[in-house]
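What follows is a single structure, written as structure tokens, with notes after it.
The values are calculated or read from the model by the stated rules, or taken from the named source; none is laboratory data. Everything quoted here is computed from the prediction, not taken from an experiment. With ideal geometry, Cβ positions are generated from the backbone for all residues, glycine too; neighbour counts draw on all protein chains shown.
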Amino acid sequence: MGMIEDIKKQVAQAVSEGTVCTPLPEDEYTDMAFPSLIKLMKFRTDRYALEGFGRLMVMHTTTKMGMELLTLSFMPSNGLNVPYLLIDAMSMKKKRCVFVEYYGCGNTDLVSGALEELYESQRVLPDYTEKPNWYVGERESYSLIKTGSEQQLTALAERSVKAYLSLIPLAHEDPQYKEQLRAFRQRMIDEGNPSSSTLHMLLGKYGADRFMKMEVMPLEGEELPAPEKRGARWLV
């Protein structure tokens, strides 16, 4: 079992221990591949409802080149005043990294104490050098962009999820924060996000926008975009 599978297993356990987690039905984005015939890249997307919080998306990408990616999107869909959490993990041969990204979306009344404490204990891990992007400057200061051993990075992901879920009982719903999350999501669509190029290749622009709103960052009570009328080239 490699690092990505280890992270999936440990995070799943942390989520089940931290809150009531309900799997959501499969949909048109559950299994995808690109190109559809050769299938150089395969994507598995699973969605969950987390009681008292919102939604979790888990997207596992495998490639013929041996690279594996895991994206975990913890979206406070009901406006709970905790930062939006995006975890990206990558493993390819000897190269590996985990991004633990917190976004406050302009909200200055976030519950974050446990995340700041975790940052202090994990900051000793080597930083991973990333390319500059607009959203880097939007991250909260306790975000962790790290490399290291498989064991260190797996532990980082697991501890981050546990610390994050521990905030739920301390937080409250804020309707204004929902609007800030909506605005930030639109920036991720318009100005680009870590998965933009992959999603545009896989789904086209309209499909990528819809995927962000339906799967990655859904908001409670929101009317979702209609499916595209053209054939889906990405179905497995």
Answer residue from region 1-34, given it is among the β-branched types (Val, Ile, Thr) and touching a residue at least 24 places away in the same chain (Cβ under 8 Å) and is nearest to Gly66 (Cα to Cα) among those
Ile4
Given the conditions (1) crowded, with 20+ Cβ neighbours inside 10 Å; (2) free of Cβ contacts under 8 Å to residues at least 40 places away in the same chain; (3) of a type in the set (Lys, Arg), report the number of the one that Arg44 does not fulfil.
(1)
List every residue pair whose Cβ atoms lie under 6 Å apart, where the two residues are 6 or more positions apart in sequence or sit on different chains, the first residue falls within region 103-130 and is within 18 Å of Leu86 (Cα to Cα), and the second residue, located anywhere, is of a type in the set (Ser, Thr, Tyr) and modelled with pLDDT of 95 or more.
Tyr103/Tyr84; Asn107/Tyr177; Ala114/Ser166; Leu115/Tyr142; Glu116/Tyr142; Tyr119/Tyr142; Tyr128/Thr147
For region 170-207, enumerate the residues that are in contact with a helix residue (DSSP H, G or I) (Cβ under 6 Å, 6 or more places away or on another chain) and of a type in the set (D, E, K, R).
Glu191
Residues of region 208-236 classified as at pLDDT 90 or above and of a type in the set (Gly, Ala, Ser), total
1
Looking at region 91-129, which of its residues are closer than 24 Å to Val58 by Cβ and either part of a loop (DSSP other than H, G, I, E, B) or small (Gly, Ala, Ser) (or both)?
Ser91, Lys93, Gly104, Cys105, Leu110, Val111, Ser112, Ala114, Leu125, Tyr128
Return the pair list, or none, for Cβ contacts closer than 6 Å from residues in region 180-197 that are surrounded by fewer than 17 Cβ atoms within 10 Å (Cβ to Cβ) to residues that are assigned to a helix (DSSP H, G or I), at least 6 apart or on different chains.
Glu191/Trp134
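Listed here are the residues, each with its yes/no results for (1) modelled with pLDDT of 95 or more; (2) touching a Pro at 6+ places or on another chain (Cβ under 8 Å).
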residue: Tyr102; (1), (2): yes, yes
residue: Arg123; (1), (2): no, no
residue: Glu140; (1), (2): yes, yes
residue: Leu144; (1), (2): yes, no
residue: Lys178; (1), (2): yes, no
residue: Leu181; (1), (2): yes, yes
residue: Ser197; (1), (2): no, no
residue: Leu202; (1), (2): no, no
residue: Lys205; (1), (2): no, no
Scope region 157-177; condition in a helix (DSSP H, G or I) and either among the polar types (S, T, N, Q) or surrounded by fewer than 21 Cβ atoms within 10 Å (Cβ to Cβ) (or both); matching residues
Glu158, Arg159, Ser160, Lys162, Ile168, Pro169, Leu170, Pro175, Gln176
Within region 130-156, the count of residues that are of a type outside the set (Phe, Trp, Tyr), more than 24 Å from Ser196 (Cβ to Cβ) and not in a helix (DSSP H, G or I) comes to 3
Single residue of Tyr135, Tyr119, Tyr103 found to be in contact with a helix residue (DSSP H, G or I) (Cβ under 8 Å, 6 or more places away or on another chain) and surrounded by 19 or more Cβ atoms within 10 Å (Cβ to Cβ):
Tyr103
